[in-house]
Amino acid sequence: MNPREPWPTSAAEATAVQSRLRHRVTDTGPGLHQIRRLAGLDVTYSKDDDRLVAAVVVLDAATLEVRDVVVQEDRPRFPYLPGLFSFRELPPLLTALEKVDPLPDLLMCDGHGMAHPRRFGLACHLGVVTGLPTIGVAKQALIGRYDEPGPSRGDRSPLTDEGEVIGTVLRTADHVKPVYVSIGHLTSLQTACDVTLNSTPHYRLPNPIRLADQASRHTLRSRQGHSSG
């Protein structure tokens, strides 16, 4: 789907887009050592009005030093509907990505990719539209079954749905809740897990996503404070 095409306005239209694009997803892409610039993406919604702020934070994949921060204020163009989250978040994230130069080697979304009822979550949608390697790292499972992974950092178990492996339940720190990793586009599940662990040195969530969340929240608070003043 060309992001400049008319945006879906109903669940039926959005589901049709997912069905049309999901066959473009591939799990073949660059290996871990080819990823030098890694971006985290997140969106924060205002509790007071319909504003939102999307953030893209680019890090050096080896050192995790921040290389770029871009934020974009917008308003949702699609209602909140289960399984169609990407149609709310994709437009502002794409606008923010247009301001990133050079583009990162891999995008890390706060959300799901293949671990989605139609195998086409935000990470898949973003990857197919941009043509960039993309993974999803979520705090909760949307669908699927799994055994609880071991208690240590790096322990993992497959996330399955109807006999298909759709992701990995990954422990990123000792004795903390796991995260749910799935491919978005142009990457393997192994690479997705390796990138996630490498970018999560201290906390439960990877640094790129944590920093994108902080950037979007800080920007929204500052702009709300300015508008109220």
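Just so it is clear, none of the values below were taken in a lab; they were calculated from the coordinates. What you are looking at is a predicted structure, and each value in this text was computed from that prediction instead of being measured. Note that we place each Cβ from the backbone using ideal geometry, even for glycine, and neighbour counts take in every protein chain shown.
Summary of values
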item	result
Extension gain (nm, one decimal) between residue 68 and residue 103, 0.36 nm per residue minus Cα-Cα	11.6 nm
Check: the chain dipole with +1 on Lys, Arg Cβ and -1 on Asp, Glu Cβ, in debye	200
The range 129-170, Cα convex hull volume normalised per residue, Å³	105
Normalised contact order of the range 1-130, rounded percent, pairs of Cα under 8 Å and 6 or more residues apart	28
The chain: calculated mean residue ellipticity at 222 nm from DSSP helix runs of at least 4, using -39500 (n - 2.57)	-9000 deg cm²/dmol
Size of electric dipole in the range 58-154: Cβ of Lys, Arg +1 and of Asp, Glu -1, about Cα centre, debye, nearest 20	480
Whole-number D in µm² s⁻¹ for the range 1-155, Kirkwood Cα-pair radius fed into Stokes-Einstein, 37 °C, 0.692 mPa s	200
The range 143-219: relative contact order in percent, alpha carbon pairs under 8 Å with at least 6 residues between	20
For 80, 45, order by how many other beta-carbon atoms lie within 10 Å, fewest first	80, 45
When the convex hull of its Cα atoms is projected in every direction, mean area for the range 110-213 (nm²)	5.9
Kirkwood-based Rg to Rh ratio, the range 163-223, C-alpha trace	1.06
Footprinting exposure proxy for 124, 193 (fewest neighbouring C-beta atoms within 10 Å first)	193, 124
Nitroxide proxy distance, nm - points 7 Å out along Cα→Cβ at residue 81 and residue 95	2.2
Charge tally in the Cβ shell below 10 Å around residue 76, where Lys, Arg are +1 and Asp, Glu are -1, residue 76 excluded	+1
The chain: relative contact order as a whole-number percent, Cα under 8 Å and 6+ apart	22
FRET efficiency, residue 147 to residue 28 (Cβ-Cβ, R0 30 Å, nearest 0.05)	0.60
